[in-house]
Amino acid sequence: MIVAMRDATETGLAIDELKIGGRTLRSRLLLGTGGFPSLAVMAETIAASGSELVTVALRRVDPASRGSLIDVLERAGVELLPNTAGCYTARDAVLTAKLAREAFSTDWIKLEVIGDEDTLMPDAPELLLAAEQLVDEGFTVLPYTTDDPVLARRLADVGCAAVMPLGSPIGSGMGIRNPYNIALIREAVDVPVVLDAGIGTASDAALAMELGCDAVMAASAISRAQDPVRMASAMRAAVEAGWLARGAGRIPRRTYATASSPDEGLPDLGPA
Amino acid sequence: MIVLNGENSDVRAGETVAAVLARLDLSPAARGVAVAVDGEVVPRAEWESFALGEHARVEVLTAMQGG
């Protein structure tokens, strides 16, 4: 039986609050709003996820569909994190961020500057340029970045409030292709690390947290699952499990077995 | 000719941004809406006064589900 716990953590255990750019979050799961079959399912999923921060995109007004996305998100009690998805240059991303600030009265921006249509991988030089300009303009910048620890450090150095490295390409569900780099990014920066993109299922989210990430962002993995609400509960539990495991300190990996029962005191049972 | 959200429109030069929004059934108080003209943000406070020039490219944007 799945019971979505709205107020407590999924595990019932205390999870430290996450501080990003002056904001305090109790949930370490960020949710993308794209890909849901309906606004009703999205609302139910947000509740199950426990997420307090959700991304939205900025697009041309469609007179034919006067949706109530903003109203639904307001009723859900979540904060908006507008993104610059679809931007391929620093100039477009900066302008989109400014438009998002006008539209949503928030200076928070999930900065995406894409460099390749097939992989949707970030364009590193344009990303860094845009991040620097937006920080100068007073934005709280959360950049979607590659799993390169050097670029992550440069983004933190110019004043980004967090870094959001990809595990694998957006929407691919391939999980974390280079766990080693994600762990290096954790060492390289002092700002929160939010694993973004590539999450396929709950174990990927747990791994991200075990590697030292402070939070996980999931979109397609939840919204395009056969049962988004159930997957949101799974992701929530996985993020908490990974966070707890990270804090608990895992045993080192060994090549050979280490007996967990003592050798001492073994009986002599005679010849076989 | 003024281009509104990528399409030629019958909006005329001299009309305000607020007038264009009204054509889209959007009030000046509409939440979650932003406007750019010729690649520059037009702040909400200027919607009533900002008059469009000849050949202006107007983008009227709002929240969509995404990433």
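Every number here is computed from the coordinates shown, using simple stated rules; none is lab data. Just so you know, these numbers come straight off a predicted model, no measurement behind them. Don't worry about glycine lacking a Cβ; one is built from the backbone with ideal geometry, like all the others, and counts go over all protein chains shown.
Given 0.36 nm per residue, what is the gain on full extension from B:GLU48 to B:VAL3 after removing their alpha carbon distance, in nm?
Difference between extended and current length: 14.3 nm.
Looking at the protein assembly as shown, the DSSP beta bridges with both ends there are about 50 percent antiparallel. Cα centroids of chain B and the range A:245-272: 70 Å apart.
With contacts taken as Cα pairs under 8 Å at a separation of at least 6 residues, chain A carries a relative contact order of 18 percent.
Spin-label model, A:ALA47 to B:ASP10: label points 7 Å out along the Cα-to-beta-carbon direction sit 4.6 nm apart.
Cβ crowding within 10 Å ranks A:ILE251, B:ILE2, A:ILE15 as A:ILE251, A:ILE15, B:ILE2, fewest other Cβ atoms first.
Residues of A:68-79, mean number of Cβ from any other protein chain within 10 Å of their own Cβ, rounded to a whole number?
Rounded to a whole number, the mean comes out at 2.
Tally Lys and Arg at +1 and Asp and Glu at -1 over the other residues with C-beta under 10 Å from the C-beta of B:LEU52: what net charge comes out? That sum, taken over residues with Cβ under 10 Å, equals -1. Largest GNM mean-square fluctuation among A:ASP16, A:ASP118, A:ASP196, using chain A with Cα springs under 10 Å: A:ASP118. Once you list every other residue whose beta carbon is under 15 Å from the beta carbon of A:GLY247, what net charge do they have if Lys and Arg are +1 and Asp and Glu are -1? With Lys, Arg at +1 and Asp, Glu at -1, the neighbours total -1. In order along the range B:41-47, phi translates into HN-Hα couplings of 5, 9, x, 3, 5, 9, 4 Hz, rounded to whole numbers, per the Karplus curve 6.51 cos²θ - 1.76 cosθ + 1.60 with θ = phi - 60° and x for Gly and Pro.
Per-residue Cβ neighbour counts within 10 Å put A:THR24, A:THR106 in the sequence A:THR24, A:THR106, beginning with the fewest. Take the Cα of B:ASP25, step 7 Å toward its Cβ, do the same at A:SER261, and the gap between the two points is 7.4 nm. Note on chain A: GNM, Cα springs under 10 Å; of A:ARG60, A:ARG186, A:ARG101, the largest mean-square fluctuation is that of A:ARG60.
For the protein assembly as shown, a Kirkwood hydrodynamic radius built from all Cα pairs, placed in the Stokes-Einstein relation at 10 °C and 1.306 mPa s, yields a translational diffusion coefficient of 74 µm²/s.
Using a Förster distance of 25 Å, how high is the FRET efficiency between A:ARG60 and A:ASP136, based on the Cβ-Cβ distance and rounded to 0.05? Once the sixth-power term is evaluated, E becomes 0.35. Look at A:MET217, A:MET121 and count the other Cβ atoms within 10 Å of each Cβ; fewest to most, that gives A:MET121, A:MET217.
Can you tell me which of A:GLY175, A:GLY34, A:GLY198 moves the most in a GNM of chain A? Springs connect C-alpha atoms under 10 Å apart. With Cα springs under 10 Å in chain A, the top fluctuation among A:GLY175, A:GLY34, A:GLY198 is at A:GLY34. Pairs of Cα atoms nearer than 8 Å and 6+ residues apart set the relative contact order; for the range B:1-61 it is 48 percent.
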